[in-house]
Amino acid sequence: MGLDSYLQFISVLIIFILVLAATLYVTKWMANYQKGSNSSRNIEIIDTCKISTNKYIQIIRIGDKYLSIAVSNDQITNLGEVDPSELVQEQTGENLGFKEIFDKIKGEKKDNNGK
């Protein structure tokens, strides 16, 4: 193996790394573009409940109205309007770090094994 084969290997490796970097950049750019184009102030999915493999019930907000809809592969059906006062607000839990969650799970396993 001569110097030419090492130079050829290094050049192929550099090209490969450049292609990987370009792919990463384009993927992140596309994700940001799609996130920006899908955001809306007037339409929001509030909650989703899976009924079966391809069937869901969703509560959506359109403007100031809340609607429940049934979603399947082939169609979307309006189930009716929902009174906002009947909706249960999601309780925001404390933001625990990975270490706190891991320690909590470890403690629960020790309690279960000790019984």
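The values are calculated or read from the model by the stated rules, or taken from the named source; none is laboratory data. This structure is a prediction, so every number in the text was calculated from the model and none was measured. Note: ideal-geometry Cβ built from the backbone for every residue, glycine included; neighbour counts use all protein chains shown.
What to note about this one:
- Some residue of region 63-70 being in contact with a strand residue (DSSP E or B) (Cβ under 8 Å, 6 or more places away or on another chain) and among the aromatic types (Phe, Trp, Tyr): yes
- ASN73 vs. criteria of a type in the set (S, T, N, Q) and touching a residue at least 12 places away in the same chain (Cβ under 8 Å): yes
- All positions within region 79-101 that are modelled with pLDDT of 85 or more, in a helix (DSSP H, G or I) and surrounded by 10 or more Cβ atoms within 10 Å (Cβ to Cβ): PRO84
- Within region 55-78, considering residues that are surrounded by 14 or more Cβ atoms within 10 Å (Cβ to Cβ) and within 20 Å of the chain's Cα centre (by Cα), the one nearest to ILE45 (Cα to Cα): ILE60
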